[in-house]
Amino acid sequence: MTTPAQRLSPVYTGMPVTIFEHMSGLAREQGAINLGQGFPDDAPPPELVEAVVRATRERSHQYPPMAGLAELRDAVAGFYARAQGLPLARDNVIVTSGATEAVAAAILAVVSPGDEVILFAPAYDAYAPLVRRAGGIPVFVPLRPPHWRYSRDAIAAAITPRTRALVLNDPLNPTGTVASDAELAALAELCVAHDLIAICDEVWENVRFDGKPHRSLLALPGMAERTIKIGSAGKIFGATGWKVGWMVAAPAMATVLGRAHQFLTFTTPPMLQWALAEALADPAIAAGRQASWGASRAVLIDGLRREGFVVLDNAATWFACIDLAASGIALDDRAFSERAVREAGVASIPLSALWEGPGGPTSILRLCHCKPAAMLEEAVLRLARWRESL
């Protein structure tokens, strides 16, 4: 006889907590430096803090419009017009309670039972469970180290008459790599040829260190009517706990996305929305955050390489990846991560935890660099000393 708990959704029954929560919990338990879960240790920009304090005192605390405050929707459209040349307006934007809620709303709005959805491995670990909860079938196309390139032939081979959509995370978490113009063009051509909807998780669009502007699949020929672009204020401004994100799509599609959103969180705190509308209007605020993270990135990567760790090339996100095998370390990434948090006092994320299916790499470790320089330097020294004892 089954218990009531065993009769809950099979998507979630027996599912462990995410690797991010697991490693952060171990970091708290061990008093370790947490370079696992991605979040800055410093406060958001003072202009943002002042704006939310002012909004808390002067503005309404009651339900804002379901689709988001007009001020924030206008600000998102304006931000993308300036930064990426996208011709957007308020009707293209739906505000959500974080980008993960946006991903959930997009998948629920797009995927019907039996639909196949192309995902790329490694992948943010929310994608596949959300596809399955919508009744869809995740179909993984592997990306291979060290460059993690999108193979047109491999993607085309994975598409069947049941394929409904693909989920593209660019820049890519956990690798920090960015799709090339040729790869984006190939993805767009495949979407158009096979009538696919592209759910584009672009939360790292403003956390790039290659000097190039972000290019969205939304801007490519034939994609304006079939792309859902997802963004995150938490990633732009380093305020992850605010949990404010958005979906951008053609107005007819955005309307349907809003219907899915209304039965998830319905609205997002209005004082946060007013503050972010102000911050998005000032390009210097986001640029300052990007510059700060570029400096901390250099501290971590230079320190790791100086100590003999092989760091894979990347161009974006808050993360850098170590190739353990190339660094002369015999442990796989899961064993290294579990032991390092306990024995070296440094938490990390094993990339294999973000890979579903056989044949994935087992020697890649992700470390977060959006931390104070002194903390990063100490973490590198701890890892180097501990490696000598292995």
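Numbers below:
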read-out	value
Within the chain, percent of DSSP bridges classed antiparallel, to nearest 5	45
Extension gain (nm, one decimal) between A185 and A5, 0.36 nm per residue minus Cα-Cα	60.2 nm
Whether the range 92-152 is rounded, prolate or oblate, judged on the alpha carbon gyration tensor where a/c under 1.5 counts as rounded	oblate
Gyration tensor (Cα) of the range 69-200, equivalent ellipsoid semi-axes in angstrom	25, 19, 15
Approximate shape of the chain as ellipsoid semi-axes (Cα gyration tensor, √5λ), whole Å, largest first	32, 26, 21
Surface share of carbon and sulfur [accessible, 1.4 angstrom probe, percent] for the chain	55
Per residue accessible area of the chain, 1.4 Å probe, in Å²	41
Within the chain: Cβ-based charge dipole about Cα centre, in debye rounded to nearest 20 (Lys, Arg +1; Asp, Glu -1)	400
Evaluated at q = 0.14, 0.18 Å⁻¹: base-10 log I(q)/I(0), Debye formula over Cα of the range 234-390	-0.85, -1.07
Cα principal axis extents for the range 141-204, largest first, Å	31, 22, 19
Backbone HN-Hα couplings from phi across the range 367-384 [Karplus 6.51/-1.76/1.60, Hz, Gly and Pro as x]	10, 8, 10, 7, 10, x, 4, 4, 5, 5, 4, 5, 4, 4, 4, 4, 5, 5
Net lengthening on full extension, A373/T160 (0.36 nm per residue, minus Cα-Cα)	71.8 nm
Mean-position separation - Cα centroids, the range 1-31 and the range 57-119, in angstrom	29
Whether the range 327-383 is rounded, prolate or oblate, judged on the alpha carbon gyration tensor where a/c under 1.5 counts as rounded	prolate
Surface/4 estimate of mean projected area, convex hull on alpha-carbon atoms of the range 271-345, nm²	7.3
Residue among Y124, Y80, Y12 with the largest mean-square fluctuation in a Gaussian network model of the chain, springs linking Cα atoms under 10 Å	Y12
Total formal charge among the other residues, if their Cβ is under 13 angstrom from that of S9, Lys/Arg +1 and Asp/Glu -1	+3
Compactness index (Cα Rg / 2.2 N^0.38 Å), the range 24-114	1.47
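The values are calculated or read from the model by the stated rules, or taken from the named source; none is laboratory data. Because the structure is predicted, anything quoted here is derived from the model rather than measured. Here the Cβ is made from the backbone with ideal geometry for all residues, glycine too, and neighbour counts use every protein chain on show. In case anyone asks, the SASA skips ligands and DNA or RNA and just uses the protein heavy atoms, side chains included. Shrake-Rupley method; radii C 1.70, N 1.55, O 1.52, S 1.80 Å.
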